Amino acid sequence: MKRSLKLSLVLVASLLVLGITSCKKKLKDADIQSAIEKVLTADADMKGTMVTVKDGVVTLSGVCKDEACKTKCEEAVKKIEGVSSIVNNCTVAPPEVVVPPVADALGQAIADAVKDFPSVKTQLTDGVLTLTGEIEKASLQKLMMGLNALKSMGLKKIESNGLTRK
């Protein structure tokens, strides 16, 4: 009888220890998601990232500005208590390509064409280029060839009546 009582006490104690250790407070998915959203919205780079949590598995989505931002989001989420794993579905935005307006590109090309002729002044109006100032006769042909090549960029006409040849 003593032996069965001891065995019963050991069994009850074992069950109590197992019960206490296995009853560790499990965080709810909503609490984990709230904690993650708080971290992500605190950083301007990660603000556009969306998050869902199911059974501790976090899924990130949205568009990141670069690969470093995508990694930064994942690293920040790993630190949150209750996260068991992360699925990072964020995409990286393609780099923004800035194409100058045709008028600006043509204006820059004209500036490049006349840079070797500092006494020549230009004015572009509605695709018509007006030249004024002075130029040596020997340099005039080189200038005109450079400017005529810009007709493919929308240069309609070149007026050189105000250009003095010396």
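Values as computed for the structure displayed
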quantity	calculated
Projected label distance in nm at GLU75 and THR52, using a 7 Å step from Cα toward the beta-carbon	2.8
Partner lysines for LYS166 [C-alpha distance under 17 Å; skip if fewer than 8 residues away on the same chain]	LYS121, LYS137, LYS142
DSSP bridge orientation in segment 102-165 - percent antiparallel, rounded to nearest 5	45
Estimated vicinal HN-Hα couplings, Hz - segment 72-84 in sequence order (Karplus 6.51, -1.76, 1.60; Gly, Pro = x)	4, 4, 5, 5, 5, 6, 4, 7, 7, 5, x, 7, 8
Set of lysines near LYS38 by C-alpha distance (under 27 Å), chain-local residues within fewer than 8 positions excluded	LYS24, LYS25, LYS26, LYS28, LYS47, LYS54, LYS65, LYS70, LYS72, LYS78, LYS79
Segment 21-81: GluC sites (Glu not before Pro) in DSSP coil with no more than 10 other Cβ atoms inside 10 Å	GLU81
Percent antiparallel among DSSP beta bridges (both partners in segment 26-97, rounded to 5)	45
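Read the figures in this text as sums done on the coordinates, not as results from a lab. Every value quoted in this text rests on a predicted model; they were computed, and no experiment measured them. With ideal geometry, Cβ positions are generated from the backbone for all residues, glycine too; neighbour counts draw on all protein chains shown.
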